[in-house]
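**Student:** Let me begin by handing over the structure; questions about it come next.
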Amino acid sequence: MDVTLSELLSTFMESPLVVWVRTLGPLGSCEAAGSEEQVNMFMELVDGVFLHKIMTHIDPSPTNQRLTKNVNNDVSLRLYNLTVLTRHIKTYYQVC
């Protein structure tokens, strides 16, 4: 079975967790349409900024590190953001 990247992205963006995350705020840009919109939403998720924003609503602890908001496809900045997010989630579960 040959599955295209577009089909995989579409399946991921329709998964229950992503649908739930999308109910918490706007994701992606409004001017994009179709598969371009899905790519924008996906990139916003993997940058970690939107997920961190959700986590700070759950646990607004001021001791957590700040994220880099302008990742611009830099893998090291994306990894840094996701590391900060993971640390925040771990701290939340250890304390609460």
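The values are calculated or read from the model by the stated rules, or taken from the named source; none is laboratory data. What you are looking at is a predicted structure, and each value in this text was computed from that prediction instead of being measured. No Cβ is skipped: glycine too gets one built from the backbone with ideal geometry, and neighbour counts run over all protein chains shown.
**Student:** Evaluate the following for Val39: is it over 28 Å from Tyr93 (Cβ atoms) and at pLDDT below 85?
**Tutor:** No, not satisfied.
**Student:** Within region 61-72, can you find the residues that are without any contact (Cβ under 8 Å) to a residue 24 or more places away in the chain and under 17 Å from the mean Cα position of the chain (by Cα)?
**Tutor:** Gln65, Arg66, Leu67, Thr68, Lys69, Asn70, Asn72
**Student:** Just to be sure I understand the filter: pairs with C-beta atoms under 8 Å, separated by 6 or more residues or on different chains, first member in region 1-24 and modelled with pLDDT of 90 or more, second member in a loop (DSSP other than H, G, I, E, B). Which pairs pass?
**Tutor:** Val21/Leu27
**Student:** Restricting the first residue to region 79-96 and requiring it to be farther than 12 Å from Thr56 by Cα, which pairs with a second residue that is assigned to a loop (DSSP other than H, G, I, E, B) meet a Cβ separation below 7 Å and a spacing of at least six or different chains?
**Tutor:** Listed pairs, sorted by first residue: Tyr80/Thr68; Asn81/Asp47; Asn81/Gly48; Asn81/Leu67; Asn81/Thr68; Asn81/Val71; Leu82/Gly48.
**Student:** Among the residues of region 46-60, write down those that are in a loop (DSSP other than H, G, I, E, B) and either under 12 Å from the mean Cα position of the chain (by Cα) or in contact (Cβ under 8 Å) with a residue 12 or more places away in the chain (or both).
**Tutor:** Asp47, Gly48, Asp59
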